[in-house]
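**Q** If you scroll down you'll find the structure; I have some questions about it.
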Amino acid sequence: MNFIVENWYWIVAALASGALLALPMLKGGGMGGVSAAQAVQLINREKAVVIDVCDAAEYAGGHVGGAKNVPLAELAERLPQVVKNKAVPVILVCARGGRARRGADIARKLGYDKAQVLAGGLAAWREASLPVEKS
């Protein structure tokens, strides 16, 4: 007990550093998503398919170049029609990443083992100055 009283500041520092390390996980950045640069590499090297899980209006307002729109509510039934080869990497995108994470779970349950989420969503894609299309 004497040790804790005499070294309380080290304990506080350890807890604070642990909280700072856990913060990206809580915000969604450490949830297995790929960065915009990694997504571009997957698209170029492994012919990854980009699936935008936003609704049609959001998709029309701006989406990753070449992305196919399959709203999250329709993903389970339409993904097998859009991406026939389950061995191809699938990158799921939404505005910030929340819906895409749910979409990745659905895709994995359908057998798309290489389903990934674009970390930070379309906002991160734009921040990386990568092309955005509007329709």
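Just so you know, all these numbers are worked out from the coordinates, no wet-lab data involved. Quick caveat, the model's predicted, so the values are computed rather than measured. Cβ coordinates were reconstructed from backbone atoms using ideal geometry, including for glycine residues, and neighbour counts include every protein chain displayed.
**Q** About the Cα centre, and with charges only on the beta carbon of Lys, Arg (+1) and Asp, Glu (-1), how big is the dipole of the chain? Nearest 20 debye, please.
**A** Details: 16 positive and 11 negative charges, 80 e Å.
Here the size comes out at about 380 debye.
**Q** How large is ³J(HN,Hα) for each residue in the stretch 36-53, as worked out from phi by the Karplus curve 6.51 cos²θ - 1.76 cosθ + 1.60 (θ = phi - 60°), to whole Hz, x for Gly and Pro?
**A** Each residue of the stretch 36-53 in turn: 4, 5, 5, 5, 4, 4, 5, 5, 6, 8, 10, 6, 4, 9, 9, 10, 8, 8 Hz.
**Q** Right, next: Using helices alone, what [θ] at 222 nm do you get for the chain, with -39,500 (n - 2.57) per DSSP H run of 4 or more residues, divided over all residues and rounded to the nearest 500? Could you put the intermediate results ahead of the total?
**A** Values: 7 runs with 69 residues, N = 135.
Computed ellipticity for the chain at 222 nm equals -15000 deg cm²/dmol.
**Q** Sticking with this one: Which of the listed residues, A87, I11, L118, is farthest toward the dipole's positive end in the stretch 7-135, when Lys, Arg count +1 and Asp, Glu count -1 at the beta-carbon?
**A** The residue sitting farthest along the positive end of the dipole is A87.
**Q** Strictly over 22 Å apart at the Cα level, which of K84/K134; K47/K68; K68/K134 would you flag in this model?
**A** From K84/K134; K47/K68; K68/K134, over 22 Å: K84/K134.
**Q** Tell me which residues come under 5 Å, amide H to amide H, from I51 once H is placed; ignore anything under 5 positions away on its chain.
**A** For I51, whose amide H was placed from the backbone, the distant partners under 5 Å are K68, I91, L92, V93.
**Q** In whole Hz, with x marking every Gly and Pro, tabulate ³J(HN,Hα) for the stretch 100-111 from phi via Karplus 6.51 cos²θ - 1.76 cosθ + 1.60, θ = phi - 60°.
**A** Those phi angles translate into 5, 4, 5, x, 5, 4, 4, 4, 5, 5, 7, x Hz.
**Q** Could you tell me the extents of the chain's C-alpha atoms along the three principal axes, largest first, rounded to whole Å?
**A** The principal-axis extents, from largest down, are 66, 32, 29 Å.
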